[in-house]
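> Before I ask anything, let me first share the structure, which is written out below as structure tokens.
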Amino acid sequence: MSTMFADTILIVFISICTALLAEGITWVLVYRTDKYKRLKAEVEKQSKKLEKKKETITESAGRQQKKKIGEIIKMIFVRMKSMFAIGFCFTALMGMFNSIFDGRVVAKLPFVPLSYIQGLSHRNLLGEDYTDCSFIFLYILCTMSIRQNIQKMLGLAPSRAATKQAGGFLGPPPQAAKFS
Amino acid sequence: MTSSWKRKEEVHAVNGGLKQSTWSKAISCKAVWGEKDEFLDVVYWFRQIIAIILGVIWGVAPLKGFLGIAIFCVINAGVLYLYFSSFQQVDEEEYGGTWELTKEGFMTSFALFLVVWIIFYTALHYD
């Protein structure tokens, strides 16, 4: 096995380990706490009630929607604790891996990335061959694919309602405007 | 008489009724989906499976360039569209429309496809 392919497999393995580590930290700090379990159960209960009332825009459905949004926001804040801890650990880990893999071509891309992505995919690599892949690009792709799948497999993924609400933080959440 | 294979797929619910397992519903035509999240999870995992299969094929062939990415997107979206509109015949409006079903798990499957494609391409054509 050549060095480059060994690096490719090693980075996938590192990504799996860091995803499991992140979920482990989140489990210790968040998932196993009674507060989080209670909030999650409440969000699911409210979601089911709203499902039953889905077509009827009534005042009680509006109140229910607001209550659900409130619980989801609390869940997001509870998770923030673990996000800070993970961010801190991973900054240190990334510094270490970056120095280990600095200047190394870890894989060959079967395509030439768009110019604004080349800054990431060809980071700290010599030469003009943009099919050379740097550590950080492969690591980001692995994390994007592996982490969410691990969360779903372990049953730790945030509910779709919570994910939509978190996305709606910058603007009105999907259904809330109807009931305000 | 119910075969032993079918019996394994069926789980007795608390009220004495029979409840099909998720995967047996996923491969049955026009299955009844009690919970929306259950069907969305099926769509999500089918997307990941397609991503792995296409990543392997593209890496082995090899198929290179943005053509490979474009064909992946078309196949991924197209196959799942046929699955939920023709095979399962779900009411797309219940799930927020065709776009919501198309988006479900798409980015994760795209990243997974790229990783598998890169691994197989590097291993088979650049060593």
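> Give me a count of the residues in region A:140-150 that are within 10 Å of another protein chain (Cβ to nearest Cβ) and either at positive phi or touching a residue at least 60 places away in the same chain (Cβ under 8 Å) (or both). Please lay out each step first, then the result.
Let us first name the residues in region A:140-150 that are within 10 Å of another protein chain (Cβ to nearest Cβ), namely A:140-149.
With either at positive phi or touching a residue at least 60 places away in the same chain (Cβ under 8 Å) (or both) added as a condition, the list becomes A:142-143, A:146-147.
Matching residues across region A:140-150 total 4.
> Let me ask something else. Which of the residues spanning region B:70-108 are of a type outside the set (Phe, Trp, Tyr), more than 13 Å from the chain's Cα centre (by Cα) and crowded, with 17+ Cβ neighbours inside 10 Å?
Matches in region B:70-108: B:VAL90 only.
> Cβ-Cβ under 8 Å, sequence separation 6+ or interchain: first residue in region A:22-39 and more than 19 Å from A:LEU93 (Cα to Cα), partner in a helix (DSSP H, G or I) and of a type in the set (Ser, Thr, Tyr). Which pairs?
A:LEU29/A:SER82; A:VAL30/A:TYR36; A:VAL30/A:SER82; A:LYS37/A:TYR31
> Got a sec? Which of A:MET83, A:MET94 is away from chain B (no Cβ under 13 Å) and more than 30 Å from A:LYS35 (Cα to Cα)?
A:MET94
> Continuing with the same structure: Of the conditions (1) surrounded by 19 or more Cβ atoms within 10 Å (Cβ to Cβ); (2) at pLDDT below 90, A:SER15 fails just one. Which one is it?
Answer for A:SER15: the failing condition is (2).
> What number of residues within region A:117-149 are touching a His at 6+ places or on another chain (Cβ under 9 Å) and assigned to a helix (DSSP H, G or I)?
Number satisfying all stated conditions: 1.
The values are calculated or read from the model by the stated rules, or taken from the named source; none is laboratory data. Remember, predicted model here, so these are calculated numbers, not experimental data. Virtual Cβ from ideal backbone geometry, glycine too; neighbours counted across all protein chains shown.
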